[in-house]
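Structure, as structure tokens:
The values are calculated or read from the model by the stated rules, or taken from the named source; none is laboratory data. What you are looking at is a predicted structure, and each value in this text was computed from that prediction instead of being measured. Quick reminder, even Gly has a Cβ in these numbers, built from the backbone with ideal geometry, and neighbours come from all protein chains shown. Side chains are part of the model used for accessible areas, which takes the heavy atoms of the whole protein and leaves out ligands, DNA and RNA. Shrake-Rupley method; radii C 1.70, N 1.55, O 1.52, S 1.80 Å.
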Amino acid sequence: MATTSSSGDAPPPPGSNSLPTPPAPSAAATTATAALTTTTTHDEPTTDSSSVKAAVDPSLSEPSPPEQTKDEPSRKRSRVGDGTDKEETVHSEEDMSDTLQPFTALPFYGDHKRAISAFSFAPSSSASLGNNGGMSLSSNDGHAQVLCASSSADGCAKVWDITKNLSDAQNTDTTKDIPVESATSSSSTPTTTRLDPKLSLFGHNRGINDVAWSPTAAYIATASDDKTLRLWSAETGDAFVEFRGHTNFVFSCRFNPQSNLLVSGSFDETVKLWDVRCGECVATLPAHSNPVTGVDFNRDGTCIVSGSYDGLVRIWDTATGECLKTVYAEGNPPVGGVRFSPNGRFVLSGTLDSKLRLYDVSGGRERGSFGNEYRRLHNNRPQPRGGKCSKTYAGHKNSKFCAFSAFLSANPKRQCVVSGSEDGKVHLYDLQSRMIRQTLEGHHDAVLAVDAHDSLELIGSGGMANDKSVRFWAPAKVDT
């Protein structure tokens with residue numbers, strides 16, 4: 001798929017249907033994070049030890065009835081998965097390292113008027129880790145801005161600047177008001193500060209399901225139940241482009257690393273590619289036989305992953321629209337979300353059987369009897385081969401709604417998969433052992449929106465209708 005480039009120095013006025021060419025992403029934004037070598041477990045099928053790398057990248061409306069109807073808000077669509085896995089997963093909790101402090105709730109929060117549907121940190125390459133895995137806001141100029149965005153069923157997306165709040169928390173012993181009950185569980189009822197958003201983005205006339213940052217953090221995209229996507233300035237909040245073409249709720253969206261393409265997944269069962277500059281749809285993939293619940297680009301933008309209620313995870317060639325691979329879990333449980341690992345070799349898939357699975361999708365094409373039948377029906381073309389499940393993470397609760405997950409890797413000593421859960425907790429799984437390292441308690445309803453910062457040990461989460469808060473988590477202060 002070829003795209004053309006254009007140039008422009010000043011942003012168009014709000015509401016115009018054009019956009020200046022996004023600035024070229026930095027080397028840090030377009031270069032893959034180096035894979036982190038680790039060991040594999042013995043009781044779960046994996047690829048050979050030389051090929052299993054840490055798939056971590058510090059760079060993932062209201063609840064509805066169980067039936068998939070065409071006129072209800074989509075992000076919290078209820079659907080019970082009945083799939084099972086033969087793999088034995090590890091549920092025991094891992095002892096925390098003596099050098100690592102457990103995560104605890106930070107003394108500030110944001111909120112919306114209705115359930116939080118998505119949360120995302122802005123990409124950053126300037127922040128760094130402090131001693132012992134603590135937070136450090138230092139950068140070359142001494143000021144690393146920490147931005148994040150949340151979206152809600154209230155039809156509004158908000159941008160939060162938490163730089164000063166983090167700095168204040170770093171200089172304050174946050175554990176005084178926030179008791180840590182154990183090494184693996186953190187609950188809190190602290191005295192907290194309500195944040196004022198930097199920006200409030202209004203324009204959609206129905207709930208927003210997803211929010212995504214461009215790799216340069218200059219733009220924000222939102223996907224809504226009003227069947228459109230919108231592009232916003234992350235600096236001014238101006239609406240630049242409206243993307244129209246889906247015929248049902250738009251559920252998920254992501255930018256490619258070059259910031260010139262936007263991919264979206266919809267309840268109309270398609271995946272669409274959009275030209276960011278003008279809002280035109282440049283490709284439509286008839287991707288699935290049920291609503292598409294998650295999409296993502298790999299590290300160089302050459303591939304797209306999509307997940308669906310049909311239980312399938314598919315990898316697509318961005319340029320040709322060809323399906324390269326299809327993977328699914330035993331029992332075919334509905335897929336609630338997908339995301340690529342930083343090296344592009346793995347895909348993390350969340351399914352409605354309360355499991356997360358890490359698939360190695362780096363192999364070749366499928367072969368065998370099914371492949372032969374595919375060749376017969378498709379002019380001798382080889383069938384895309386499915387990837388192998390390398391890890392399964394279980395312990396959270398996710399059987400009704402589509403929950404996000406994320407990779408936490410800012411600290412090499414604590415590489416985790418972060419998951420939302422319908423029990424109101426945030427679960428941190430050790431990436432390699434699959435054990436639960438910690439559960440974070442503080443929300444008063446299901447937590448479906450989670451993300452981890454790409455260069456700080458910092459987690460954000462959002463609660464559903466009985467909570468409506470955006471909360472932040474970081475390791476307890478370490479005295480040095």
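See the values below:
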{"quantity": "Subset of the range 261-288 that is outside any loop (DSSP other than H, G, I, E, B) and of a type outside the set (A, V, I, L, M) - its residue that is surrounded by the fewest Cβ atoms within 10 Å (Cβ to Cβ)", "calculated": "Thr284"}
{"quantity": "Odd one out for Gly442, checked against (1) open to solvent by less than 20 Å² (accessible area, probe 1.4 Å); (2) at pLDDT 95 or above; (3) under 18 Å from the mean Cα position of the chain (by Cα)", "calculated": "(3)"}
{"quantity": "Selection count, the range 453-480, where residues are open to solvent by less than 10 Å² (accessible area, probe 1.4 Å), modelled with pLDDT of 95 or more and aliphatic (A, V, I, L, M)", "calculated": "5"}
{"quantity": "Among the candidates Arg244, Arg194, Arg254, residue that is over 20 Å from Lys158 (Cβ atoms) and basic (Lys, Arg)", "calculated": "Arg244"}
{"quantity": "Filtered residue count, the range 333-368, keeping only those that are in a loop (DSSP other than H, G, I, E, B) and modelled with pLDDT of 95 or more", "calculated": "5"}
{"quantity": "Selection count, the range 205-222, where residues are under 26 Å from Ala144 (Cβ atoms) and either part of a loop (DSSP other than H, G, I, E, B) or out of contact with any Ser or Thr (no Cβ under 9 Å at 6 or more places or on another chain) (or both)", "calculated": "5"}
{"quantity": "Residue, most open to solvent (accessible area, probe 1.4 Å), within the range 320-363, restricted to residues that are farther than 17 Å from Ala394 by Cβ and out of contact with any Asp or Glu (no Cβ under 9 Å at 6 or more places or on another chain)", "calculated": "Thr320"}
